[in-house]
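Here is the structure we will look at.
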Amino acid sequence: MKRFLLTTALCAAAPFAAHADDILIRADLAEATVFAAGADVARLAEATIPAGRHRLLIAMPDVNTAELPQIAGPEGVRFGPPQPLYNHPIEEGALDDAEQVAGRAAVEAAEEAVEAAQDAITEADARIRAIETQQGYIAAILRGGENGVAMPEDPAQVPQFLATLGAETERLSGEMLEARVARRDLSETLVDAQTALSDATRAFHELMPFGTQINVMAVDVAAVEDVDAALELSYFTRTASWQPSYELDLDTETGTLEIDRYVTLRTSGVARWQDVAVTFSTSDPQRSRVPSELSSIPARLIDRETEQRSGGIVALETAADVAPAPAPLAIAQSGYANVAAAVIEPVITAEFSGLSVSYPYPEPVSVAPSGEVLLAFDTLELETETENRAIPRWDETAFLIAMTDNDSGEPILPGDARFYRDGALMGDGYLPLIPMGAEAEMAFGALDHLQLTWIDRSLAEGDRGLFVSSNTQSREIAFGVENTGPDAETVRIMYATPFAEQEDLELDLTLNPRPSEEDIDDMRGVHAWDIEVAPGEEEIIEMGVDFEFPDGQILDWRP
């Protein structure tokens with residue numbers, strides 16, 4: 001297929017003549033590559049293009065948000081540059097698809113049902129008025145008098161007359177009761193019909209049908225002969241984005257970490273996303289594609305006296321001052337979408353292009369009228385090693401930490417996550433980027449049976465009390481863990497012990513027992529103790545520290 005950019009010149013040497021006919025076509029959004037911000041989308045359509053010069057009018061509600069539109073078609077057809085055209089009139093329903101045709105028919109049927117119910121109520125009201133007229137006539141007879149109906153002159157006819165009036169009164173009362181009950185039922189029927197009409201109208205509007213005035217992309221086209229053309233209108237839009245999210249469940253018995261991956265697709269604007277082939281990409285098409293420019297920066301001598309008389313020394317900018325740092329790859333970060341996930345079991349295959357990753361979604365995607373949908377991706381399984389990590393002084397309990405290597409064969413992108421331990425929710429959090437092959441640590445909640453202890457023995461009475469003089473200070477700290485559970489536990493206790501970097505500050509540190517590991521991750525003074533704690537037992541680590549420093553100095557340290 002041939003492609004022509006908006007700014008591309010026409011293929012023919014001679015310009016297009018005025019178009020002979022307008023060809024109105026519908027081109028639904030069919031394909032999309034969605035980035036963290038923005039998307040490349042394509043609308044597909046089929047049209048019969050007669051020989052000669054014409055104008056394609058491609059219905060496009062989101063024409064205002066289309067950037068860099070391109071049109072592609074078969075060989076032998078020449079296209080002009082796409083141009084937006086607003087408020088083009090069409091017949092109502094002229095561009096309905098099958099689903100919209102059915103929806104429009106449902107609305108019309110519901111409208112007819114409402115009208116029929118209203119007509120039935122009108123008839124019921126007429127019947128009630130007719131009965132009321134008859135009852136009024138009988139009432140006039142019963143009233144008698146000057147305006148009433150005279151009684152029969154023959155006394156023998158009076159009983160029959162009264163019996164007839166009684167029977168008619170009873171008959172009319174019964175008919176009135178039936179008429180009012182029937183009208184009440186008809187009123188309920190009308191309410192039901194109006195509800196059905198409201199539901200049908202809402203469902204029809206959710207299908208986003210075209211109105212009688214639409215926005216279109218107009219494209220001049222010329223064909224040598226009649227052509228049944230497959231057309232593709234592609235463009236970039238900023239009205240779509242995606243972000244990953246996760247549910248992580250750690251099985252503490254097996255050490256297996258299951259990571260259920262999800263993607264939230266968000267759209268805005270008026271474009272309808274229905275059964276779209278979507279690819280999610282980590283690329284950022286809005287990043288700068290060119291490096292910063294350099295210019296010559298000569299060194300010059302400035303006469304100090306002259307410069308001071310003119311207002312001061314000039315501050316010379318360096319290249320670092322004017323050249324901005326490149327922006328990092330933007331990846332959306334926000335919470336879970338408050339919508340249901342698609343109930344499918346997709347097979348997601350990552351496609352790599354340099355540092356970018358693309359994920360073609362295996363099923364067509366439809367976005368709800370709310371503008372977002374949560375899609376299930378797949379489940380990764382990673383093997384972990386766990387440790388009970390304790391940070392006395394700051395925490396009340398130890399925490400369960402899972403350590404793993406990302407051997408999934410692809411990076412795990414950053415996103416919001418929910419953490420489960422053996423199926424129990426431990427809380428929400430944020431999962432940072434885990435590159436392919438990288439190590440990662442994840443916390444899976446507090447361990448209430450491993451209670452932490454921290455005591456400043458320096459504050460006790462007696463010889464162990466806090467001692468501060470003009471140039472010395474001594475502290476004694478105790479910290480540890482108590483196992484209130486039924487099983488023995490191995491706990492890794494971590495503590496930041498003091499150290500001195502100034503020559504004038506002398507420090508004598510004692511630890512009992514000695515740490516299992518010192519200066520963890522090159523953090524000076526951060527030590528760890530791997531301790532086995534029996535059930536019902538408490539293990540304590542004693543720390544003593546003596547400081548000596550010159551007179552007139554103040555010690556800045558807290559245990």
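Let's see how each residue does on (1) open to solvent by 50 Å² or more (accessible area, probe 1.4 Å); (2) more than 25 Å from the chain's Cα centre (by Cα); (3) of a type outside the set (Phe, Trp, Tyr):
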{"site": "LEU413", "(1), (2), (3)": "no, no, yes"}
{"site": "ASP416", "(1), (2), (3)": "no, no, yes"}
{"site": "MET426", "(1), (2), (3)": "yes, no, yes"}
{"site": "PRO435", "(1), (2), (3)": "yes, no, yes"}
{"site": "ALA440", "(1), (2), (3)": "no, yes, yes"}
{"site": "LEU447", "(1), (2), (3)": "no, yes, yes"}
{"site": "GLN451", "(1), (2), (3)": "yes, yes, yes"}
{"site": "TRP454", "(1), (2), (3)": "yes, yes, no"}
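Restricting to strands (runs of 3 or more DSSP E) lying wholly in region 359-442: which have 3 or more residues that are among the hydrophobic types (A, V, I, L, M, F, W, C) and over 21 Å from ASP251 (Cα atoms)? Explain how you work it out, then say what you get.
Details: elements: 372-390, 397-405, 415-421, 424-431.
Answer list for region 359-442: 372-390.
Scanning region 65-74 for any residue that is more than 36 Å from the chain's Cα centre (by Cα), within 19 Å of ASP226 (Cα to Cα) and modelled with pLDDT under 95 turns up at least one such residue. Cβ separations smaller than 8 Å between residues 6+ apart or across chains give no pair from region 496-519 residues that are closer than 20 Å to ARG393 by Cβ and in a strand (DSSP E or B) to residues that are open to solvent by 90 Å² or more (accessible area, probe 1.4 Å) and hydroxyl-bearing (Ser, Thr, Tyr).
Do you know which of the residues in region 190-213 that are among the aliphatic types (A, V, I, L, M) and over 21 Å from GLN118 (Cα atoms) is least open to solvent (accessible area, probe 1.4 Å)? Before you say what the answer is, go through the steps one by one.
Our first condition is that a residue be among the aliphatic types (A, V, I, L, M); within region 190-213, this holds for 190-191, 193, 196-197, 200, 203, 207-208.
If we keep only those that are over 21 Å from GLN118 (Cα atoms) as well, we get 203, 207-208.
Working: ALA203: 51, LEU207: 25, MET208: 77 Å².
Here the answer is LEU207.
Restricting to region 473-488, name every residue that is assigned to a strand (DSSP E or B) and farther than 10 Å from HIS449 by Cα. Reasoning before the result, please.
Keep residues of region 473-488 that are assigned to a strand (DSSP E or B), which gives 473-483.
Scanning region 473-488 gives GLN473, SER474, ARG475, GLU476, ILE477, ALA478, PHE479, GLY480.
Where residues in region 262-313 are open to solvent by less than 80 Å² (accessible area, probe 1.4 Å) and at pLDDT below 80, which of them is farthest from ASP97 (Cα to Cα)? Working first, answer last.
So the first thing to find is which residues in region 262-313 are open to solvent by less than 80 Å² (accessible area, probe 1.4 Å), and the list is 262-274, 276-285, 292, 298, 306-307, 311-312.
Retained after the next criterion (residues that are at pLDDT below 80): 306-307, 311-312.
Numbers: THR306: 80, GLU307: 77, GLY311: 74, GLY312: 74 Å.
That would be THR306.
A count restricted to region 70-114 and to residues that are outside any helix (DSSP H, G or I) and of a type in the set (Val, Ile, Thr) stands at 3. Give region 250-282 a look and list any residue that's in contact with a Phe, Trp or Tyr (Cβ under 8 Å, 6 or more places away or on another chain) and of a type in the set (Asp, Glu), or say none. Within region 250-282, just ASP260 meets the criteria. For region 503-533, filtered to residues that are open to solvent by less than 40 Å² (accessible area, probe 1.4 Å) and of a type outside the set (Val, Ile, Thr), the residue that is farthest from ALA488 (Cα to Cα) is LEU505. Does ARG55 qualify as being touching an Asp or Glu at 6+ places or on another chain (Cβ under 8 Å), modelled with pLDDT of 95 or more, part of a strand (DSSP E or B) and basic (Lys, Arg)? No; evaluated as a whole, the condition is false for this residue. So, ALA496, is that one modelled with pLDDT of 95 or more and either closer than 26 Å to ILE554 by Cα or surrounded by fewer than 13 Cβ atoms within 10 Å (Cβ to Cβ) (or both) or not? Answer is no for this residue.
Among the residues of region 216-229, write down those that are surrounded by fewer than 18 Cβ atoms within 10 Å (Cβ to Cβ) and under 27 Å from ALA102 (Cβ atoms). Steps first, please.
Here is the first cut: in region 216-229, the ones surrounded by fewer than 18 Cβ atoms within 10 Å (Cβ to Cβ) are 224-226, 228.
Answer for region 216-229, where residues must be surrounded by fewer than 18 Cβ atoms within 10 Å (Cβ to Cβ) and under 27 Å from ALA102 (Cβ atoms): just ASP228.
Checked against (1) open to solvent by less than 70 Å² (accessible area, probe 1.4 Å); (2) free of Cβ contacts under 8 Å to residues at least 12 places away in the same chain, GLN160 passes all but a single condition, namely (1). Residues in region 520-541 that are among the acidic types (Asp, Glu) and either in contact with a Cys (Cβ under 8 Å, 6 or more places away or on another chain) or modelled with pLDDT of 95 or more (or both): ASP530, GLU532, GLU537, GLU538, GLU539.
The values are calculated or read from the model by the stated rules, or taken from the named source; none is laboratory data. Being a predicted model, the structure only gives us computed values, none of them experimental. Reconstructed Cβ throughout: ideal geometry from the backbone, glycine too, with neighbour counts over all protein chains shown. The accessibility values were calculated without ligands, DNA or RNA, using every heavy atom of the protein model including side chains. Shrake-Rupley method; radii C 1.70, N 1.55, O 1.52, S 1.80 Å.
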